[in-house]
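Student: Here it is, the structure, as structure tokens.
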Amino acid sequence: MEYLIVQIAEKQVKAARFGASGRRWSLAGSSSFDLDDQQGLPEVATKIAESVIGSPRVILCLQTSLFAQRDVELPLKDLRKVREIMPTHLQGELALPQEEVIFDVLASGDGRYMAFWVKRSHVEHAISLFKNAGLEPAIVTSAAFAWPFLPEIPANCAVSDGTALALLDGGRLSYLRDFGDSDRSQKLFSTLSALEYSEIRLPEQMLVFGQNFEVPQVADGLKIKVARLEQPEELATIFSNSDSFNQLVGMYAVARACQSGALPDFRRGELAWTAGDVKLRKKLLLTAILAGIIILLLFGFKILQYRQVSSDMTSLNNSILKIYREVFPGRTKAVDELAEIKGEIRKLGGASNASGILDILKKVADAKGSTINGLYELELEGRTVSAKGDARSAQAVNDFKAALMPMMTAVDLGEVKSRPDGTVTFSMTATLKEDNK
């Protein structure tokens, strides 16, 4: 995400572009413009817009002096609800009608809130000016609201850039005052002195920053240490030197506050920023169109697959019907041609086995010759042949055994019994050779 911070002062406009990638920040560039009779704010806005590349999020920081404030205590924790009721809550303290001011709120801890408001006309004028220049701001705020996001700032301290003073309590903004354009150093210490005598507890340390703001001498009687905000080592890749750090660190804090979602925004109600919503809707519309095209392509592909399978099934059925008519020309059309063809194939397979058995029986019958009166029992189980019969003599049985040997691997004679008339009965078991099965 990239942020273009534009900060407007009384006689100067500064612009800086920061890029954020996770926790890493970078400075893409910065510029400064003086405001005078020859170069007003519209001309500066046009120059800034002409140098912008891409689509950064534009944050416009107005002067702190344009904003009024109140410290308010409410029994609410939802900041959204506090924003909704704040105009009604402060109605008696406003010099202008509610519809002519814009509110936002910052939580300062323990049920206390800092309420800020600004004239609608100031915000409308700034938005119109930069929008006409081709650089519409997404957020309108003030840089001082982001001072709690200054790098390595203590949770409890005072902060000043020479134009305003802020107090931080627990890392949150609890007090803010703008000094205007004259006697700023005197106003700084008079404000500190007044705060010391009030109910507000002054912190022990004050940090100052700003390119042309020197560390002021502490006035007699003030128990506060004043030091300059130092540049952290990890920001050396962003700010090339201390001068650059002091000039741009306030805008860097604005970018950090915006990324965290803690930056007050006075583009609300009718002035709410809609350009981002329009871009988002366009992106969503494009995504929806592409998703629709993909769904149609997938649906069309499935239809083609179904038609192809249906065509193949129809062709296969026609082929089976054609084969059925060729095999069984005299039959009427069957309910299931494929099932009938399979049944006939099974029958043919059974007939083939029966034909093999008959061949074996024929060979056995040829081998018995005329000396074997008859075989009254013959069984074939796999390759094993069992037979029972009667013969004219025992020698006839041995001759029958010898005749079977060419087709059998083993022939075992069972009991041979003689009859009164000289004939015999016998039983025999033999095993077929492989080539005879």
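Student: So for region 137-151 (the condition being at pLDDT 90 or above, surrounded by fewer than 17 Cβ atoms within 10 Å (Cβ to Cβ) and not β-branched (Val, Ile, Thr)), does at least one residue qualify?
Tutor: The answer is no, given that none of the residues of region 137-151 is at pLDDT 90 or above, surrounded by fewer than 17 Cβ atoms within 10 Å (Cβ to Cβ) and not β-branched (Val, Ile, Thr).
Student: Go through region 194-216 and count every residue that is open to solvent by less than 20 Å² (accessible area, probe 1.4 Å) and of a type in the set (Phe, Trp, Tyr).
Tutor: So the answer is 1.
Student: Considering only region 217-264, how many residues are assigned to a loop (DSSP other than H, G, I, E, B) and either out of contact with any strand residue (DSSP E or B) (no Cβ under 6 Å at 6 or more places or on another chain) or surrounded by 19 or more Cβ atoms within 10 Å (Cβ to Cβ) (or both)? Spell out how you get there, then give the answer.
Tutor: The first filter runs over region 217-264 and keeps only residues assigned to a loop (DSSP other than H, G, I, E, B), leaving 217-224, 229-232, 236-241, 261-264.
Imposing the further condition that a residue be either out of contact with any strand residue (DSSP E or B) (no Cβ under 6 Å at 6 or more places or on another chain) or surrounded by 19 or more Cβ atoms within 10 Å (Cβ to Cβ) (or both) reduces the set to 217, 219-223, 229-232, 236-241, 261-264.
Going through region 217-264 one residue at a time, the tally reaches 20.
Student: In region 400-413, how many residues are surrounded by 14 or more Cβ atoms within 10 Å (Cβ to Cβ) and either in contact with a strand residue (DSSP E or B) (Cβ under 6 Å, 6 or more places away or on another chain) or closer than 17 Å to GLU379 by Cα (or both)?
Tutor: The total comes to 7.
Student: Also: Among the residues that make up region 5-17, is at least one of them touching a Gly at 6+ places or on another chain (Cβ under 8 Å) and closer than 27 Å to ARG184 by Cβ?
Tutor: yes
Student: Cβ-Cβ below 8 Å, separation at least six or inter-chain, first residue in region 423-434 and under 13 Å from LEU380 (Cα atoms), second assigned to a loop (DSSP other than H, G, I, E, B): which pairs?
Tutor: MET428/GLY414; THR429/GLY414; THR431/ARG383; LEU432/ARG383
Student: Cβ-Cβ distance below 9 Å, separation of 6 or more or different chains: which pairs start in region 33-45 with a residue that is closer than 9 Å to LYS11 by Cα and end on one that is small (Gly, Ala, Ser)?
Tutor: PHE33/ALA15; LEU35/ALA9
Student: Right, something else. How many of the residues making up region 421-437 are assigned to a loop (DSSP other than H, G, I, E, B) and modelled with pLDDT of 85 or more? Explain how you work it out, then say what you get.
Tutor: Restricting attention to region 421-437, the residues satisfying the condition of being assigned to a loop (DSSP other than H, G, I, E, B) are 421-423, 433, 437.
Next, only the ones that are modelled with pLDDT of 85 or more stay: 423.
Residues meeting the conditions: 1.
Student: Does region 185-206 include one or more residues that are in a strand (DSSP E or B) and of a type in the set (D, E, K, R)?
Tutor: No, the conditions are met nowhere in region 185-206.
Student: Under the condition of being in a loop (DSSP other than H, G, I, E, B) and of a type outside the set (Asp, Glu), which residue from region 207-216 is nearest to THR191 (Cα to Cα)?
Tutor: This residue is PRO216.
Student: Of the numbered conditions (1) at pLDDT 90 or above; (2) more than 34 Å from the chain's Cα centre (by Cα), GLY109 fails exactly one; give the number of that condition.
Tutor: Every listed condition holds for GLY109 apart from (1).
Student: Go through (1) in a loop (DSSP other than H, G, I, E, B); (2) open to solvent by less than 80 Å² (accessible area, probe 1.4 Å); (3) among the small types (Gly, Ala, Ser) one by one and return the number of the condition ALA107 breaks.
Tutor: The failed condition is (1).
Student: Answer yes or no as to whether THR332 is modelled with pLDDT under 80, out of contact with any His (no Cβ under 7 Å at 6 or more places or on another chain) and either more than 30 Å from MET313 (Cβ to Cβ) or open to solvent by 100 Å² or more (accessible area, probe 1.4 Å) (or both).
Tutor: Judged against the criteria, THR332 is a match.
Student: Another question, if that's okay. Write out, first by first residue and then by second, each pair whose Cβ atoms fall under 6 Å of each other, whose residues are 6+ apart or on separate chains, and whose first residue, in region 370-381, is within 12 Å of SER427 (Cα to Cα) while the second is hydroxyl-bearing (Ser, Thr, Tyr).
Tutor: GLU379/SER386
Student: Residues being buried (at least 20 other Cβ atoms within 10 Å of the Cβ) and touching a helix residue (DSSP H, G or I) at 6+ places or on another chain (Cβ under 9 Å): count how many of those fall in region 152-165. Full working, then the answer.
Tutor: Within region 152-165, the first condition is being buried (at least 20 other Cβ atoms within 10 Å of the Cβ), and the residues that meet it are 157-161, 163-165.
Those still in the list that are touching a helix residue (DSSP H, G or I) at 6+ places or on another chain (Cβ under 9 Å) too: 158-161, 163-165.
Selection size over region 152-165: 7.
Student: If I ask for residues that are in a strand (DSSP E or B), in contact (Cβ under 8 Å) with a residue 60 or more places away in the chain and either in contact with a helix residue (DSSP H, G or I) (Cβ under 6 Å, 6 or more places away or on another chain) or charged (D, E, K, R) (or both), which ones from region 110-151 would you list?
Tutor: Those that are in a strand (DSSP E or B), in contact (Cβ under 8 Å) with a residue 60 or more places away in the chain and either in contact with a helix residue (DSSP H, G or I) (Cβ under 6 Å, 6 or more places away or on another chain) or charged (D, E, K, R) (or both): ARG112, VAL118, VAL140.
Student: Still on this structure, I have one more. Show the residue pairs that are 6+ apart or on different chains and have beta-carbon atoms under 7 Å apart, the first residue being within region 356-367 and closer than 17 Å to SER386 by Cβ, the second being assigned to a helix (DSSP H, G or I) and at pLDDT 75 or above.
Tutor: LYS363/MET407; ALA367/PHE400; ALA367/ALA403; ALA367/LEU404
Student: From the list VAL397, VAL416, VAL385, VAL364, which one is crowded, with 17+ Cβ neighbours inside 10 Å, aliphatic (A, V, I, L, M) and in contact with a Ser or Thr (Cβ under 8 Å, 6 or more places away or on another chain)?
Tutor: Residue meeting the stated conditions: VAL385.
The values are calculated or read from the model by the stated rules, or taken from the named source; none is laboratory data. Quick caveat: nothing in here was measured; it's all calculated off a predicted structure. Note that each Cβ is placed from the backbone with ideal geometry, even for glycine, and that neighbours are counted across all protein chains shown. With ligands, DNA and RNA removed, areas are computed over all heavy atoms of the protein, side chains included. Shrake-Rupley method; radii C 1.70, N 1.55, O 1.52, S 1.80 Å.
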